[in-house]
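What follows is a single structure, written as structure tokens, with notes after it.
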Amino acid sequence: MSAHILTRSLDRAATAFILIVAAVGILIPLSNLLLPQGSFLQVPTYLVALWGKYVCYAILALSIDLIWGYCGILSLGHGAFFALGGYAMGMYLMRQIGSRGVYGNPILPDFMVFLNWDKLPWYWYGFDIFPFAALMVLLVPGLLAFCFGWLAFRSRVTGVYLSIITQAMTYALLLAFFRNDFGFGGNNGLTDFKDILGFNVQADGTRAALFALSCLALIVGFLICRAIVTSKLGKVLIAVRDAESRTRFLGYRVESYKLFVFTLSACMAGVAGALYVPQVGIINPSEFAPGNSIEAVIWVAVGGRGTLVGAALGAVVVNYAKTFFTSGPLAPYWLFMLGALFILVTLLLPKGIVGTFNSWWEPWRAQRVSANTTSAAREDGISEPNPAE
């Protein structure tokens, strides 16, 4: 039954997207590990980590597109769920350092020793066990999204008001995690990671494995989103997006649908953050910055809202452009360029890259199919009946 649902949800574009991501997830690690350094086709380790970061951003964009493109929930605080998942993974990685830290304390991380903490806080218990940390990656963002969504959606907060509240939530978490007495490293955050599951986090093989795992997570997240948006549940979500009052009048519990998809989206963002941290090597409160969440929304808008593939493509394209332009003389003007890109896309390509391509491709394809059908009918001697005189 589940295999039938996944198969039914895939079209040619979705299948091509999965095959491309799978190919990239296999070929790039193999190129990095098997080919000699200096070879033309060999991918350096730093590029493996960089593209792994892009893939994590694509998962985050996919989670935003699920709620914004198909349910009309514009969240300007999804960076909070991304950062919470990252902090959960960072806490596990910090516990793996043990006595190899600067101060040599086998239990307390270095920043706690520096701040004269005498014991480990209770909310750090269990993070030395990977299954528990992996559970927290899903549970912490999901629980926050569930509580926030339950209060907001029951109160029927929608539109720009909901967007402002999500941004306020993110900013509140930013201020909280900046405090040294909060127990998460203050403004320095968590860093200096050593191992993950017993493997050196800086080793080429570990980075290649993390990149492949990120691609696999992107494929799984894409399949889940496709299965949802092509099902009856997806039709209800689109109805909520287009006419929430009418959908509620027809008897649907709109709040339950929005709460489910919002919580699922937060869990996906948490997974993206957890995969992001070991590849980047640090997690700090700057990830909670409201600007990061707004930037993620721009990725979705550029790629194409309500297309899934476009959201992932927009995340990769915009972040590649950010890496390219911020490494040269245009670095101080990147934010202006990003704002101009968003304005131009809104005015000239309101459906995004993929959405605009689909709007051009579908009529041409339909016209071509109609022409082929007419041509085949003429060859068979079948023609339209003449109107009665």
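For the reader, a short list of remarks on this structure follows.
- Pick from the range 322-332, criterion free of Cβ contacts under 8 Å to residues at least 40 places away in the same chain and touching a helix residue (DSSP H, G or I) at 6+ places or on another chain (Cβ under 8 Å), ranking: surrounded by the fewest Cβ atoms within 10 Å (Cβ to Cβ): 331
- Residue 179 vs. criteria basic (Lys, Arg), open to solvent by 30 Å² or more (accessible area, probe 1.4 Å) and at positive phi: no
- Residues in the range 27-67 that are open to solvent by 10 Å² or more (accessible area, probe 1.4 Å) and β-branched (Val, Ile, Thr): 28, 43, 45, 55.
- For residue 273, the stated conditions do not hold, so it cannot be described as in contact with a helix residue (DSSP H, G or I) (Cβ under 7 Å, 6 or more places away or on another chain), open to solvent by less than 60 Å² (accessible area, probe 1.4 Å) and under 19 Å from residue 226 (Cβ atoms).
- Matching residues, the range 107-153, being open to solvent by 20 Å² or more (accessible area, probe 1.4 Å) and among the aromatic types (Phe, Trp, Tyr): 111, 114, 117, 122, 123, 125, 130, 132, 146, 148, 150
- Restricting 371, 388 to those that are at pLDDT below 80, over 30 Å from residue 70 (Cα atoms) and in a helix (DSSP H, G or I) reduces the list to 371.
- Residue check, residue 70 of a type in the set (Phe, Trp, Tyr) and open to solvent by less than 10 Å² (accessible area, probe 1.4 Å): no
- The residue list 291, 306 contains one member that is modelled with pLDDT of 80 or more, small (Gly, Ala, Ser) and open to solvent by 30 Å² or more (accessible area, probe 1.4 Å), which is 291.
- Once the range 212-268 is narrowed to residues that are free of Cβ contacts under 8 Å to residues at least 12 places away in the same chain, farther than 27 Å from residue 80 by Cα and of a type in the set (S, T, N, Q), the residue that is most open to solvent (accessible area, probe 1.4 Å) is 245.
- Matching residues, the range 33-80, being among the polar types (S, T, N, Q), outside any helix (DSSP H, G or I) and over 21 Å from residue 305 (Cα atoms): 37, 39, 42
- Within the range 204-249, tally of residues that are over 20 Å from the mean Cα position of the chain (by Cα), not in a helix (DSSP H, G or I) and not hydrophobic (A, V, I, L, M, F, W, C): 1
The values are calculated or read from the model by the stated rules, or taken from the named source; none is laboratory data. Remember, predicted model here, so these are calculated numbers, not experimental data. As a convention, Cβ positions derive from the backbone with ideal geometry for all residues, glycine included, and neighbour counts pool all protein chains shown. We work out accessible area using only protein heavy atoms, side chains counted, and drop any ligands, DNA or RNA first. Shrake-Rupley method; radii C 1.70, N 1.55, O 1.52, S 1.80 Å.
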